[in-house]
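Quick notes on the structure that follows.
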Amino acid sequence: MELEMIMPAYYDSNVYVINKKIIIDTGMTADHVLPNLEKIAPIENIELIILTHTHYDHSGCADEIMNRSGAKLAIHEADASFLEDDDLSGALNFGSRTTCPPANILYQGGEKIPIGPNENGEEEYLEVIHTPGHTVGCICLYEKNSKTLISGDTVFSEGGIGRTDFKISAPEKMTASVRKLTELDVENLCPGHGRPTIGNANRSIELSEMMSSRMNP
Ligand SMILES: [Zn+2]
Ligand SMILES: [Zn+2]
């Protein structure tokens with residue numbers, strides 16, 4: 001898997017680009033994200049946008065990227081209806097209105113999204129892991145050959161966890177979700193905000209579990 005990251009502007013989420021054709025989260029500042037995306041890949045080549053959850057700082061540029069590429073939009077089914085809601089998507093918190101179109105693809109968790117072969121010709125995929133807590137429809141994406149976890153706002157580097165006090169949060173599910181992640185073998189953690197952890201990220205996720213069990217008992 002070839003993974004590239006667009007560093008955020010302002011409060012944007014991190015944007016990850018896989019194999020120059022799949023985007024995980026879009027950020028919300030189009031005049032920052034689109035020029036930087038163009039440096040990585042022609043926008044018209046983007047085939048799929050996967051949102052780790054509905055929040056506007058992760059979904060705000062989806063419409064522009066879709067308009068310029070025809071890419072499909074994918075999200076967990078439990079978060080899908082919030083995409084077009086100015087309040088529940090969080091757009092109003094950023095002084096904006098959502099322009100996100102409805103998703104084309106709805107996940108339930110457990111799907112394996114093909115991303116193409118690696119340099120050895122082996123087919124690779126992202127596994128969808130449903131991790132409700134920060135929102136009811138949060139997902140993480142795991143690529144097992146590189147042991148990489150793209151974690152959205154569920155866990156961050158150095159033991160961080162996402163807030164669980166939104167109307168669409170499920171605080172009672174957060175700790176179980178983080179515990180599910182501790183069962184994976186994770187070398188590289190690519191969170192929705194802050195810097196990635198490269199190497200031995202299992203330790204970071206164990207710290208997140210401790211943090212969540214304290215904050216979301
Ligand atoms: Zn976020
Ligand atoms: Zn969020």
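All of the numbers you see were taken from the coordinates with simple rules; none came from a lab. Keep in mind the model is a prediction, meaning the values are calculated, not measured. In this analysis, Cβ positions are derived from the backbone assuming ideal geometry, glycine residues included, and neighbour counts consider all displayed protein chains.
So which residues in segment 143-185 are among the hydroxyl-bearing types (S, T, Y), surrounded by 24 or more Cβ atoms within 10 Å (Cβ to Cβ) and farther than 20 Å from E4 by Cβ, if there are any at all? Correct list: T154, S177. Of T26, T54, all but one fail to be β-branched (V, I, T), within 13 Å of the chain's Cα centre (by Cα) and more than 27 Å from I198 (Cβ to Cβ); the exception is T54.
To keep it simple, each residue is scored yes or no on (1) buried (at least 18 other Cβ atoms within 10 Å of the Cβ); (2) over 18 Å from C140 (Cα atoms); (3) touching a Ser or Thr at 6+ places or on another chain (Cβ under 9 Å).
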site: A9; (1), (2), (3): no, yes, yes
site: V15; (1), (2), (3): yes, no, yes
site: G27; (1), (2), (3): yes, no, yes
site: C61; (1), (2), (3): yes, yes, yes
site: N67; (1), (2), (3): no, yes, no
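When A71 is tested against (1) in contact (Cβ under 8 Å) with a residue 40 or more places away in the chain; (2) within 24 Å of F156 (Cβ to Cβ); (3) in contact with a helix residue (DSSP H, G or I) (Cβ under 9 Å, 6 or more places away or on another chain), only condition (2) is not met.
A91 - would you say it is within 29 Å of E172 (Cβ to Cβ), surrounded by 17 or more Cβ atoms within 10 Å (Cβ to Cβ) and more than 16 Å from ligand 1 (Cβ to nearest atom)? Answer is no for this residue. For I49, the conditions (1) more than 14 Å from ligand 1 (Cβ to nearest atom); (2) within 21 Å of G162 (Cβ to Cβ); (3) surrounded by fewer than 24 Cβ atoms within 10 Å (Cβ to Cβ) are fulfilled apart from (3). For I22, the conditions (1) surrounded by fewer than 20 Cβ atoms within 10 Å (Cβ to Cβ); (2) more than 16 Å from ligand 1 (Cβ to nearest atom); (3) hydrophobic (A, V, I, L, M, F, W, C) all hold with the exception of (1). Assessment of segment 201-217 against the conditions (of a type outside the set (D, E, K, R), within 16 Å of ligand 1 (Cβ to nearest atom) and under 27 Å from Y11 (Cβ atoms)) yields at least one matching residue. Count of segment 179-195 residues, restricted to those that are outside any loop (DSSP other than H, G, I, E, B), away from ligand 1 (no atom under 16 Å from the Cβ) and touching a residue at least 40 places away in the same chain (Cβ under 8 Å), is 3. In segment 64-73, is there at least one residue being over 23 Å from G116 (Cβ atoms) and either among the acidic types (D, E) or under 14 Å from the mean Cα position of the chain (by Cα) (or both)? Yes, the conditions are met somewhere in segment 64-73.
Against the list (1) more than 24 Å from E2 (Cα to Cα); (2) touching a residue at least 60 places away in the same chain (Cβ under 8 Å); (3) not basic (K, R), the condition P102 fails is (2). Against the list (1) of a type in the set (V, I, T); (2) under 20 Å from N93 (Cβ atoms); (3) touching a residue at least 60 places away in the same chain (Cβ under 8 Å), the condition T148 fails is (2). Among the residues of segment 131-142, the one identified as surrounded by fewer than 24 Cβ atoms within 10 Å (Cβ to Cβ) and within 10 Å of E77 (Cα to Cα) is V136.
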